[in-house]
Every structure is written in C-alpha cells, then in structure tokens.
1. Mind putting together the pair-distance distribution for the stretch 168-311? All Cα pairs, 5 Å bins, whole percent per bin, short to long.
2. Given axes a ≥ b ≥ c from the Cα gyration tensor, I'd like to know whether the stretch 556-613 is rounded (a/c under 1.5), prolate (a/b larger than b/c) or oblate.
3. At 1.4 Å probe radius, can you tell me the per residue accessible area of the chain in Å²?
4. Give, in whole angstrom and from largest to smallest, the semi-axes √(5λ) of the equivalent ellipsoid of the stretch 339-428, with λ running over the eigenvalues of the Cα gyration tensor.
5. Can you give me the Cα centroid spacing of the stretch 594-608 and the stretch 621-679 in angstrom?
6. P(r) for the stretch 378-534, please, calculated from all Cα pair distances in 5 Å bins and given in %.
7. If you average the alpha carbon positions of the stretch 114-134 and of the stretch 300-314, how far apart do those two centres end up, in angstrom?
8. For GLU644, GLU206, give the ranking by accessible area with the largest first, probe 1.4 Å.
Amino acid sequence: MIESEKVKKILYGGDYNPEQWPEEIWEEDMRLFKLAHIDVVTLNVFSWAALQPDETTYDFSKLDKIMELVKKNGLKVCLATSTAAHPAWMARKYPDILRTGNNGMKRKFGSRHNSCPNSPTYRKYSVALAEKLAERYKDYDNIVAWHISNEYGGECYCENCEKTFRVWLRKKYKTIEELNRVWNTSFWGHTMYDWEDVVLPDLRSEEFSQDGRPRTNFQGISLDYRRFNSDSMLECFTLERDAVKKYTPDIPVTTNLMGCYQPLDYQKWGKELDFVSWDSYPAFGAEFYHNAMCHDVMRGLKQGKPYALMEQTPSVSNWHTYCALKRPGVMRLLSYQALAHGSDTVMFFQMRRSIGACEKYHGAVIDHVGTENTRVFREISALGAELEKLGDTTLGARSNAKVAIVFDWDNWWASSLSAGPSDAINYYDEVYQYYRTLSQLHIPVDMISVEDDISNYKLVIAPLLYMCKDGFDEKIRQFVKLGGTFLTTYFSGYVEDHDLVITGGYPGRLKDILGIWVEESDAVPVEDIGIHHTFGYEGETYPAEIICDLLHLEGAESLGNYDNDFYAGMPAVTKNHFGEGNAYYVATRSDEAFYRKLFTQIAAECGLESFVDANPEVLVETTLRENAKGRFLFLLNHGEKTAEVTLKMGGTDLLGGKKYEDGAVVALEAKGVAVLELS
C-alpha cells in the first residue's frame, strides 16, 4: 500500500513514456487520461540514456517538462530511477558492467537487465543517477512513490561476481573449514584449500543441463549461488533506495516484482521495500488460481499489508506464442481480482502504445489509432469511473485468513536442484495444488514464509517441505502442541539449510510431530499414474503420482493405504495426534477429487468457514478484506456463463447498489464482479 496523505482512492494509471513521442502528442494524452479517469503515471522507467549522455553530463530538460505537464494536469507520479538499462557509452567504456552467461559468454550492449549487479561501474553510476533525481524533484508534492529500476531478474557469472561470491561466502561461513563442511566437499575430492579455490557453479564447472532442466553436481554450491545472486540484486536496490531516501525520506520506495518468480527470494526483498508492487501478466487460458496465488504471495511479503498492482496489460501481451486478446470484461475482472487479494492500485503497462521494438504490439490504454474510439479505451474509462465511485472505501483493507500455506524460495531452489528421486517433482506445482483446492472450497488462504508468525492460524500447510530450516520444526511443534493442525507431504524434512541430509530417518526434524518414519521413496513413471499406483481413502480409490513414500507408523494412524506393488497395504495418508493438535502427512501426489475430500474433512475438523455456499466446479472466486470502514466480500466470476453463489451473510453491492439478505443467491454474469459491503 502506498501510505500517503496524497492518496485518497485506488490509484489508477500506469507506465507512461512520453519521451518516445513528440511534445505535441503530450497534450492530447492529458486529454485522454482525463476521459479515462487516470490519476497516476509511472515516469522515467527507461530514460537513463537520455538523462546521462556521458560520464559527467546530466540532461533533465525533457523530464522537467514532463514532470511540469503531469503536475499541471493533476496527475500523481510514481517516479522511476531509469537504471534497468544502462547507456551504450557506459558499456563501451566500462565492459565490466556487462553480464556473463552461465556458459561463460560475455554479453555485449543490448536488451535490458544486462548490467552486472556486482559491477562497481554499475553501482557507482546507478546510485549517482538516483540521487540526482531525488535531489532535483524532491519538492514535487505529487510524487507518491519511488520506483527503483524495473523488474530485477536474471543472473550473471562474470569475474566481478566470482570475486564478490567469495566475499559473500566468507562473511556467511567465516572459515574455509565450515565452507567445506556445508558443501560436503569431501565428496568427489572437492576440498577447498583457500577461498580463491571457489569458482562459480556455471556450465564450465558444477552445473549442466539434462533434458532442458538445470542440474548440478553440488547442490550446496548451486543453492548458495542462487542466494548470492538474489542478494546481489537486492543490494543494488537498497543502494538506490537509500540514495533517494536521503532527499525524500517520506516518499515510499518500491520496485516491481514478478509474482512467483523463482530466481529472486522475494521474501527477503519484501523486508527492504516500503511497499510491495508487482506486474501481473497471466497467460491466456491459464487457470485464474495461478494469478490469485501470485497475488497472495505478494501480499504475504509484508505480512498481509496491501500492495500495488504496478503493471498489467489492458488488452494483450506481446511475448506469448499466440498473443490472444483479453476478451470483453476480462481486464475489469482481473483488475478487481487484484483488489480482492489486497492491491490498493490498478495500473497498466502501457499508457500509449509504442511504435517500434519488441513492445510495439503490447496492449495500451491509447492504441496506435491515437483516439478514445476503441473497445479497450471504453473499458478502461468505465473501470476508472467505478474506481472513482469506490473512492477510499477499500483502501488498506486486509485479509483475516485462518489457513496459511508456506511458500519458501530456498525450498523451491533446493528441490529443483535435487538429483532425484524424480524429475517430475515441482515445488510450485505442489504448492499450487493445495492452494487451488482451498480456493475452490472458498476458504481464504495466506501465503507465508517460514519466518512468519503462525500462532493465529488454525491450519498450516507446508507442501513439499524438502528443506526444514533451523527452528522451523520447533515453530511447527509448538503450533501443533497448542492445538493447531499441520499438513505436509512427500519429500519433506529431508535436508537442513545447506541441503545436507538430516540423518536418523525421514522426515528428519518432523518425525515426532508426524509420528512416522519414511524408509524409502518410489518414483512413479508418468505412464503408470492411476493404473499401477493407487491408494484408498474414505472408501474411494485415488491415483498415486510422482512419488510414493514407503512409511512406517510411529504413533500416527493410517487414513488410507496403497493398493499396488510390493508396498500394498502401507500407509499413504496419515494423521498424528500431537499435544492438543493434529499433524497430517500425504505420502504421494494425487488428484483434485482427493484433495477436495481431504480438505472438506480437515476444514470441518478445524472449524474453518467459507464465505459462500457454491459448487466447487463453479468458477467463482471469493475473498474477504477488512478495514476500519467495514468488511468487503469480493465475488468474481471467471466462467463463461452466469454463476450463482449463496451468501452466508448479506450486504450491499458497492458496484451495482443491490442489497442482499443473509442466505440470498447472487447471480453473477460471465466475467461479472460484485463487491459486497457486508451487513
């Protein structure tokens, strides 16, 4: 949330690049923005080349004109620092600024995200530019946020990074002996005698590609490099953040994240942002739960505080194989999905469609025709009018979920780097399966990190908790002892923070909580799913997929057993009474019907309530947000036909004005939205 006295409503606007256009176009843009109810623009995202034509010269003349124009027209500004693409002269004069790929190939000038995060040149000039921008525009009272760089991402494997990686490791592990221990370098005679022996884990050393999947000979080394790469870019962000804070300490600072983006540990980043913002670009035809989960992951980065939707396309994205249009009503629907999950802004990329390069066919508020006479502009204007009507009613509203799903970047990295037991193991997909089921049952969910407080939840789910970090088992142990319910899955509890196996039997530190011992794990070939590998649960048969853990009961009870192979009759689903609570273990992957059955029962046991009664097959999404003004139930129909839900509590639709009593049926047209202020 952009917490500022300057913000009185849901901010509505997006990325504006007037520097790409002659000045006579600017005034026409101002007219069109007013028609569309646009009230905020993100400026200066990729202007470094224009602002700094050489080492010592800065030219802010065009940006000055733009800043004055938008201020005169009553627009608020999210001001970017332009540092996501360095100027050509910098690459020519200081080649250390250029990234090196994991194949050892040094890149040339071009594209974006091409700056080495550990280049002294990049850090020097990017911070200097950020500071000069803040000093110059510090007195503009319409700046509501700073936007540092843009969509940080990728990685670098250059000499700068190798040297800095050694410094990072020395700071983390202190001695070469400890480094050898955590990396288990006695394997294959990889003992390091000196810090200079450390090399990057690229395709020239430890890593390789197998069937298109990144693999590594030393998981600990590759895991630490991913941590280091994320930390390196985060340090670039904090250096610029501190530079602008020197002159504008009261203006909040962010950078636009990218949802469930694997290369960067956003939970670490969230601690350094004043507010979280992200760019939402769901693929055409993708299940809406994917985008919903990304929204909830973003909200979770600041312990449930509202965030900002910084970018979405008004109509079409340009990078998909088939760039399908957003159908009528979908832009509005996805905008309200963002608000439903915790956003206090609705913003777009881009405001006016570019005429050249790779984004010239990416959607925009103002199309190449340059007028208001387009379907997209009419939809944008109608939504803008609705958001003006809502005003500040939902600003700052938060979720009060009683279920949490643990989402951890180290687990994501480590499980994807694992050499076995199956290439089909996919951390994101496993988390998504659980999130999707709870969403279908209309049970609200928070996406949390292993560091977050879990004491206020009734149910905590940690799918594929391959890495059980130091202290997390004790947090779960106390949670369950005091009456909480915990659930985890196959391939959990195997390793500690450095990807070293915890000996004494799987699931390691979780054994006593779960009351089981996993002796072996059998990988299920894709062609055998649901045929040769099944299990029984509550009188029904379900497929066993990806992995079948062969486990023994050590205090737990079996709720369902395998049907096939030499482990027929062994437990596939278990429940352990531990203290005042319960711990569940699902020893395999299964289908939608199983998860729905399981969580219907667990929800009843935990006293979890949904907001509405609806068939889980109905494609209606529900969320509840609360602030000092009230409780707001969002209903979103992602289906292609009218759908009905039955309210458990009545209220008034803030968009349509209709009042509903307790138990009333709400009929939502295809792609329809209702925002009910509950009685």
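The values are calculated or read from the model by the stated rules, or taken from the named source; none is laboratory data. Since we're looking at a predicted model, the values are computed, not measured. Cβ: placed from backbone, ideal geometry, glycine included. Neighbour counts: every protein chain shown. Please note that ligands, DNA and RNA were not included when accessible areas were found on the heavy atoms of the full protein model with its side chains. Shrake-Rupley method; radii C 1.70, N 1.55, O 1.52, S 1.80 Å.
1. 2, 8, 14, 15, 14, 13, 13, 10, 7, 3, 0
2. Taking the square roots of the gyration eigenvalues as a ≥ b ≥ c, the stretch 556-613 is oblate.
3. Each residue of the chain exposes 39 Å² on average to a 1.4 Å probe.
4. Working through the eigenvalues yields semi-axes of 38, 25, 9 Å.
5. 24 Å
6. Answer for the stretch 378-534: a P(r) of 2, 8, 15, 17, 17, 13, 9, 6, 4, 4, 4, 1, 0 percent.
7. So the two Cα centres are separated by 26 Å.
8. Final ranking, largest accessible area leading: GLU644, GLU206.
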